[in-house]
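Below you'll find the structure, written out as structure tokens, and then a few comments.
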Amino acid sequence: MSGSKWQELEQRLFLRTVNRVPVTLVRGQGTLVWDEEGREYLDFVGGWAVNSLGHCPPVVVEALEKQARTLIQTSNQFYTIPQIELARLLVEHSCLDRVFFCNSGVEANEGALKLARRDGKLRLNGAYEVITTHSSFHGRTLAMTAATGQSKFQEPYIPLPNGFVNVEYNNVDAVKQATSGQTCAVILEPIQGEGGVNVPDDSYLGKVQSWCREKGILFILDEIQTGVGRTGTLFAYERYGVEPDIMTLAKGLGSGVPIGALLAKEDVSLFSPGEHGSTFGGNPLVCAAAYASLKHILDNDIPGRVERVGNYFMTRLEELKQQFEVATEVRGRGLLIALEFSQEIADQLVLACADRGLLVNKVRPNALWFMPPLIITEKEVDRAIGILADVLTEKFWAPGAES
Ligand SMILES: Cc1ncc(COP(=O)(O)O)c(C=O)c1O
């Protein structure tokens, strides 16, 4: 993993927004990727929960090749078939009725909150405030930085746009207390990803939904990370017996092509022509790819597989926890999992794992974050566990020799 010419060039050319792992990836297939020296890695980062079907999945590659030869971009001034087909698939398989396509998660959330403000203006005497939660993550625009309940993302940019009230996660009373005549919506992640892989009590989403219905305010779910099979059901809301008024998707929707979507119930689909839009959003190329990916996920019950392999992975991580005192907690659902430690060793572990051919991410200084492709097998989980155990044993904490 020595610094290559590409890594030196990157140091000179880029704004410093990310600390990259010193690996230059040049090729991927399924759950594996290779660096410029031909070294193979098992990928448990999955493009940050994006590569649903792994790297270069044949169904997506074929759809991209075919669509690239047919029609790539038109503008949304015209009807195009791939986006209509994708919208139909999403509506048929969710509780939502209408779709708006964009290019990323943050744009989907921006659209969702603009829609909530339209609703506030039209139905709630101009209410515009949105309740969000501590440790949430909703994206990087100025407004979504304000919505995101983590001061480390906010502090460099204060003053931020107003209209957001941030309350404790997994606490419905906090939502109730924060609700005022100015509130138009609550936005939540069903499981917080970036904030630490925080799984709320099973009753939390239902209680928040009931409160939103009682107050006539919108219940919005950010399923950008949890959606499209990641947690073992197609959408995470299904497990909690709730139905959001608005849901946002991105990440895993396109198995690697950049696409975001905002879905809404009929009665809140309030945009009029010109009130919202996107140049690239939902263009034929990305929609053909996302359609092929989503169809494959549905036809092959990938969420069911995620449930099974995710449970197996959690069990194996629990075993690891028993073995190493430094590992203190396993949490998550499906293939969105964190392993927490009693010490801030996540950075060292990320590098040591990469050195041994396993790519993982950190979600906190003391916690690793696993978001592998949804197609990983139990055997690949065993391989990852083996590498983690080796790293913990050889490099850090040999069992029975706790420092
Ligand atoms: C829950 C959630 N919402 C929004 C976003 C922002 O998505 P994007 O980076 O595609 O703008 C992310 C990205 O990590 C996310 O995890």
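The values are calculated or read from the model by the stated rules, or taken from the named source; none is laboratory data. All figures in this text were calculated on a predicted structure; none of them were measured in a lab. FYI the Cβ positions are ideal-geometry reconstructions off the backbone, even for glycines, and counts take in every protein chain you see. Just so you know, the surface numbers come from the protein's heavy atoms only, side chains and all, with ligands and any DNA or RNA stripped out. Shrake-Rupley method; radii C 1.70, N 1.55, O 1.52, S 1.80 Å.
Pairs only if they're at least six apart or on different chains, beta carbon under 7 angstrom, first in region 231-252 and within 12 Å of the ligand (Cβ to nearest atom), second open to solvent by 10 Å² or more (accessible area, probe 1.4 Å) and aliphatic (A, V, I, L, M); list them, first residue then second.
Note: pairs meeting the criteria are THR248/ILE224; LEU249/ILE224; ALA250/ILE224; LYS251/VAL50; LYS251/ILE224; GLY252/VAL50.
GLU307 - would you say it is assigned to a helix (DSSP H, G or I), farther than 15 Å from THR31 by Cα and free of Cβ contacts under 8 Å to residues at least 24 places away in the same chain?
The answer is no for GLU307.
Hey, ARG98 hits all of (1) away from the ligand (no atom under 16 Å from the Cβ); (2) farther than 20 Å from PHE271 by Cα; (3) touching a strand residue (DSSP E or B) at 6+ places or on another chain (Cβ under 6 Å) but one; which does it fall short on?
(2)
Quick one: would you say ALA290 is at pLDDT 95 or above, part of a helix (DSSP H, G or I), within 16 Å of the ligand (Cβ to nearest atom) and open to solvent by less than 20 Å² (accessible area, probe 1.4 Å)?
So ALA290 fits the description; yes.
Could you check region 14-29 and list, in sequence order, the residues that are of a type in the set (S, T, N, Q) and assigned to a loop (DSSP other than H, G, I, E, B)?
Correct list: THR17, ASN19, THR24.
Note down all Cβ pairs under 8 Å where the first residue falls in region 184-203 and is under 19 Å from LEU335 (Cα atoms) and hydroxyl-bearing (Ser, Thr, Tyr), the second is open to solvent by less than 10 Å² (accessible area, probe 1.4 Å) and within 11 Å of the ligand (Cβ to nearest atom), and they're at least six residues apart or on different chains.
none
Need the failing condition index for MET144 against (1) open to solvent by 10 Å² or more (accessible area, probe 1.4 Å); (2) within 12 Å of the ligand (Cβ to nearest atom); (3) part of a helix (DSSP H, G or I), just the number.
Result: MET144 passes all but (1).
Which of the residues spanning region 62-113 are closer than 15 Å to PRO258 by Cβ and part of a loop (DSSP other than H, G, I, E, B)?
ILE72, GLN73, ASN103, SER104
Listed residues ARG69, ARG98; which is of a type in the set (Lys, Arg), farther than 16 Å from ALA290 by Cα and surrounded by 13 or more Cβ atoms within 10 Å (Cβ to Cβ)? Walk me through how you get there before you give the answer.
Working: ARG69 fails: surrounded by 13 or more Cβ atoms within 10 Å (Cβ to Cβ).
That would be ARG98, the only listed residue that is of a type in the set (Lys, Arg), farther than 16 Å from ALA290 by Cα and surrounded by 13 or more Cβ atoms within 10 Å (Cβ to Cβ).
Inside region 1-29, can you point out the residues that are at pLDDT 95 or above and open to solvent by less than 20 Å² (accessible area, probe 1.4 Å)?
GLY28 - this is the single residue of region 1-29 that is at pLDDT 95 or above and open to solvent by less than 20 Å² (accessible area, probe 1.4 Å).
Those residues that are among the small types (Gly, Ala, Ser), open to solvent by 10 Å² or more (accessible area, probe 1.4 Å) and within 16 Å of the ligand (Cβ to nearest atom), I need them from region 101-138; list them, please.
Listed by number, the residues that qualify are SER104, GLY105, SER135.
In region 223-235, how many residues are open to solvent by 10 Å² or more (accessible area, probe 1.4 Å) and either basic (Lys, Arg) or closer than 22 Å to ASN171 by Cα (or both)?
Residues that pass the stated criteria total 2.
For region 329-380: of the residues being part of a loop (DSSP other than H, G, I, E, B) and hydrophobic (A, V, I, L, M, F, W, C), which is farthest from ASN311 (Cα to Cα)?
To start, the set of residues in region 329-380 that are part of a loop (DSSP other than H, G, I, E, B) comprises 334-335, 342-345, 356-357, 360, 365-366, 371-377.
With hydrophobic (A, V, I, L, M, F, W, C) added as a condition, the list becomes 335, 345, 360, 371, 374-376.
Working: LEU335: 8, ILE345: 25, VAL360: 18, MET371: 14, LEU374: 13, ILE375: 14, ILE376: 12 Å.
Taking the candidates together, the pick is ILE345.
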